[in-house]
């Protein structure tokens, strides 16, 4: 998708939001524990529809048992599921972990590819997961958009909320490429602390108090 051309007003808003994000979360850490690109890929795959905290609770034992694609591919799905049973969608994710590891061995010599198309071709790895791996494991500029970032971008008037693809393009156009990695993490952390989906106190939010459109404020 071609990047849109934001208005000067929207660019100014994004700049101010960026300054506030830097103020509150100047050095955001990657929330998923990992040792290398493979364990990080596994952790990101597991994080869908569950919390990072829960993922970090189950992965140490899993990664001790299967720290490499070869070791993961050699496990039975039932054994993988046993390690991750407390994570949402565990049966499906266990199948994906085994199949993903097997394909890494078969196609890539057991190495996680630094290529977003190759990552997206792996079982259980969608565009968001691939983007997270590219930027956080390899430092390649991308702007991963999950449901939380999608929601906040619309809430703050940075995107129209039509779909995550549009939101990704809008955010890439609004923030300089060298900021994409930290902005992705900062927005996640900001949403958790100040801007939740439910029970949101607009007047206590450092960004929504001024960035949210009046019509959006009335609708909550």
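The values are calculated or read from the model by the stated rules, or taken from the named source; none is laboratory data. On a predicted model such as this, the values are computed, not experimentally measured, just so you know. Methodologically, a virtual Cβ is constructed for each residue, glycine included, from the backbone with ideal geometry; neighbour enumeration extends over all protein chains shown.
The table below gives the values:
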| quantity | calculated |
| --- | --- |
| Yes/no for residue 61 being farther than 25 Å from residue 138 by Cβ, loosely packed, with under 15 Cβ neighbours inside 10 Å, modelled with pLDDT of 95 or more and touching a helix residue (DSSP H, G or I) at 6+ places or on another chain (Cβ under 6 Å) | yes |
| Residue satisfying condition, being crowded, with 16+ Cβ neighbours inside 10 Å, closer than 22 Å to residue 110 by Cα, outside the structural domain of residue 160 (by TED's automatic domain parsing) and over 16 Å from the mean Cα position of the chain (by Cα), within set 73, 90 | 73 |
| Subset tally (residues that are outside any helix (DSSP H, G or I) and either under 16 Å from the mean Cα position of the chain (by Cα) or buried (at least 16 other Cβ atoms within 10 Å of the Cβ) (or both)) for the stretch 167-192 | 1 |
| Residues located in the stretch 193-212, provided they are closer than 14 Å to residue 21 by Cα and exposed (fewer than 13 other Cβ atoms within 10 Å of the Cβ) | 193 |
| Residue count, the stretch 40-58 (criterion: assigned to a helix (DSSP H, G or I) and crowded, with 18+ Cβ neighbours inside 10 Å) | 9 |
| Single residue of 165, 177 found to be farther than 19 Å from residue 211 by Cβ and modelled with pLDDT under 95 | 165 |
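Yes/no matrix, rows are residues, columns are (1) surrounded by fewer than 18 Cβ atoms within 10 Å (Cβ to Cβ); (2) in the same structural domain as residue 207 (by TED's automatic domain parsing); (3) within 18 Å of the chain's Cα centre (by Cα):
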residue: 112; (1), (2), (3): no, no, yes
residue: 120; (1), (2), (3): yes, no, yes
residue: 130; (1), (2), (3): no, no, yes
residue: 147; (1), (2), (3): yes, yes, yes
residue: 159; (1), (2), (3): no, yes, yes
